[in-house]
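The structure appears below as structure tokens.
The values are calculated or read from the model by the stated rules, or taken from the named source; none is laboratory data. Bear in mind the structure is a predicted one, so any value in this text is a computation, not a measurement. Cβ atoms come from the backbone with ideal geometry, glycine included; neighbour counts cover every protein chain shown.
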Amino acid sequence: MRGLVKICFFLVGLLLCVGSHHAVGSEIYLTSYFNGTVGKFAADGTAINTGLITGLSNPSGIKLGPDGFLYVANRGSGVVGRYSTAGSGSATFLTGLSAPFGIAFDGLGDMYIASYQSSNSVRKYSANGTPLNMTYITGLPKAEGLAFDPAGNLYVSDFQLGTVSKYGPTGSLINANFITGLNGPTALAIDANYNLFVSQYSSGSVGKYTASTSSFNSSFISGYTEPEGIVLNADGSLLVASLAGGRVQKYDASGTLVNANFITGVGSAYAMTGPALFTPAVVPEPSTIAMALAGLACGGYAMWRRR
């Protein structure tokens, strides 16, 4: 009897699961697209190891996973590597991809990879690299940036369409035109308040979608040279990588430039990752919800019978 009650409480907890804050170190990791490297930098921009990982083939995406490992997408070779934060690991954790770009993790630790040159726009893998859904999202011609919000919704930028699309926690389309009219959208970043930031490579700007007002400012940051990777900090500040400029600039929460040379000397600065601000909520599949409700019903009936 007690075992059944415990199971019921567990299922209730699963149904009510929401995003929680966590941190995996404070360092920043930045790829150099043409040099084929990943550099490691302190939270204040000081270089720790500019050649942490070398020998990469156009590293176009990077993400610090919830397991504490770095995942690096290589556009040139179609592989994703998995490395410790000390730089050791497997260069071919995943292979056979078509121009992989953005990487994101859901609340369960499953990995999602955007493909820039495939009709299978976003693919889903387990934490150990097992394919879960190779057609998780389809039909986007040049999917590039990926980001989850605290509720577990996934956002995908498409460089060719100039859009950001929004999908539910199970991959169902919510809004194909969540943001439109973008000029070469690349990286995405979302804060704990659901505000979304998007780099626009072709216009040299970073746009901001403000969730509280459902408004979009296409030029939240402007006058930038080929912006790519974005990292959000807990204080609301943003770090933006410049491909042509070979540096990272820092902006405050209002979009005002704080440090034009936060990180310098990195040729073709591209993708960037840092500590996560939140863990996306875990939203159970419909079958899981049905099982949970059945468990609750059984538990309630059993407790009633004891009376």
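Here the condition is being under 17 Å from the mean Cα position of the chain (by Cα) and either over 27 Å from SER121 (Cβ atoms) or not β-branched (Val, Ile, Thr) (or both); of TYR209, TYR251, it holds for TYR209 alone. Being under 18 Å from MET134 (Cβ atoms) and exposed (fewer than 13 other Cβ atoms within 10 Å of the Cβ): is that true of GLY96 here? Answer is yes for this residue. All of (1) at positive phi; (2) crowded, with 23+ Cβ neighbours inside 10 Å hold for VAL80 with one exception: (1). Take the conditions of a type in the set (A, V, I, L, M, F, W, C), surrounded by 14 or more Cβ atoms within 10 Å (Cβ to Cβ) and not in a strand (DSSP E or B) and apply them to LEU140. Does it pass? For LEU140, the condition - of a type in the set (A, V, I, L, M, F, W, C), surrounded by 14 or more Cβ atoms within 10 Å (Cβ to Cβ) and not in a strand (DSSP E or B) - is met.
Counted as qualifying within segment 154-239 are the strands (runs of 3 or more DSSP E) with 1 or more residues that are of a type in the set (Phe, Trp, Tyr) and surrounded by 15 or more Cβ atoms within 10 Å (Cβ to Cβ), namely 154-158, 163-167, 173-179, 196-200, 205-210, 215-221.
Just one residue in the set THR170, THR225, THR213, THR180 is β-branched (Val, Ile, Thr), in contact (Cβ under 8 Å) with a residue 40 or more places away in the chain and out of contact with any Pro (no Cβ under 7 Å at 6 or more places or on another chain); that residue is THR170.
Yes or no, residue by residue, for (1) within 30 Å of LYS40 (Cβ to Cβ); (2) modelled with pLDDT of 50 or more:
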site	(1), (2)
TYR270	yes, yes
PRO275	yes, yes
PHE278	yes, yes
VAL283	no, yes
TRP304	no, no
ARG307	no, yes
